[in-house]
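Contents: one structure, followed by commentary.
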Amino acid sequence: MKEKSLKRLWSWTWAIVLGLFLTLIIRFYLFVPIMIDGSSMMPTLHDGDRVIINRFGNVNRFDVVIFKDEGTEYVKRVIGLPGDTITYKNDELFVNGKKQDEPYLDSYKAQLQDGLLTDDFSTEEMIPGGVVPKGTVFVLGDNRRASKDSRIMGPIPESKVIGTTPICYWPLEHAKFIN
């Protein structure tokens with residue numbers, strides 16, 4: 001009877017240790033929670049929102065990413081990929097000469113009463129060679145009037161991108177899949 005109790009105790013201990021180990025791996029390496037600090041991604045994300053970072057997979061155009069630069073973590077949207085030319089004219093985005101829809105900005109643009117959300121610019125004026133360099137991405141905050149992004153920092157090395165943010169989970173009224 002004593003041997004059976006020891007086996008049961010050992011199996012429960014092993015299950016708990018394995019569960020804790022897997023939880024730590026998932027929490028710290030696969031899907032990392034982070035809190036948004038600032039308003040540069042409004043209306044998509046707000047100051048104090050909590051999101052999950054997915055460290056795996058490719059970074060695609062219009063993904064919201066977290067990257068680290070000089071010890072600070074930034075949350076921005078990928079607008080340009082390597083080889084792209086980016087142009088903003090009259091508050092419209094053109095990638096490689098083709099107009100792109102940005103439905104995530106519609107509600108914000110509707111609230112504006114004084115001018116454009118995004119000032120005119122072009123990578124041809126900002127970047128030597130005019131295209132997003134290999135190994136980098138061009139990012140913008142959704143709150144274009146109050147965002148430190150690639151217009152100021154230049155293209156972001158892909159090596160600085162920590163991951164994408166597919167989910168906002170807190171506060172509950174902001175919980176959603178980010179697109």
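Values computed for the structure shown
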{"item": "Residue that is surrounded by the fewest Cβ atoms within 10 Å (Cβ to Cβ), among those in the range 131-143 that are out of contact with any strand residue (DSSP E or B) (no Cβ under 8 Å at 6 or more places or on another chain) and either farther than 19 Å from Asp37 by Cβ or at pLDDT below 85 (or both)", "result": "Lys134"}
{"item": "Members of the range 73-87 that are in contact with a helix residue (DSSP H, G or I) (Cβ under 9 Å, 6 or more places away or on another chain), part of a strand (DSSP E or B) and in contact (Cβ under 8 Å) with a residue 40 or more places away in the chain", "result": "Tyr74, Lys76, Arg77, Ile79, Gly80, Ile86"}
{"item": "Given (1) at pLDDT 90 or above; (2) of a type outside the set (Asp, Glu); (3) in contact with a Lys or Arg (Cβ under 9 Å, 6 or more places away or on another chain), number of the condition Ile167 does not satisfy", "result": "(1)"}
{"item": "Selected residue [in contact (Cβ under 8 Å) with a residue 24 or more places away in the chain and within 17 Å of Pro157 (Cα to Cα)] from Val32, Val51, Val59", "result": "Val59"}
{"item": "Search result, residues across the range 144-168 that are among the polar types (S, T, N, Q) and surrounded by 19 or more Cβ atoms within 10 Å (Cβ to Cβ)", "result": "Ser147, Ser150, Thr164, Thr165"}
{"item": "The range 89-124, residues that are farther than 16 Å from Asp63 by Cβ, modelled with pLDDT under 95 and among the aromatic types (Phe, Trp, Tyr)", "result": "Tyr108, Phe121"}
{"item": "Exclusive hit being in contact with a Gly (Cβ under 8 Å, 6 or more places away or on another chain) and surrounded by 12 or more Cβ atoms within 10 Å (Cβ to Cβ), set Thr118, Thr123", "result": "Thr123"}
{"item": "All positions within the range 57-75 that are among the charged types (D, E, K, R) and out of contact with any strand residue (DSSP E or B) (no Cβ under 9 Å at 6 or more places or on another chain)", "result": "Glu70"}
{"item": "Criterion violated by Glu70 - all others in (1) in contact (Cβ under 8 Å) with a residue 40 or more places away in the chain; (2) under 22 Å from Pro157 (Cβ atoms) satisfied", "result": "(1)"}
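The values are calculated or read from the model by the stated rules, or taken from the named source; none is laboratory data. Nothing here was measured: the structure is a model prediction, and the numbers come from that model. Backbone-built Cβ (ideal geometry, glycine too); neighbour counts: all protein chains shown.
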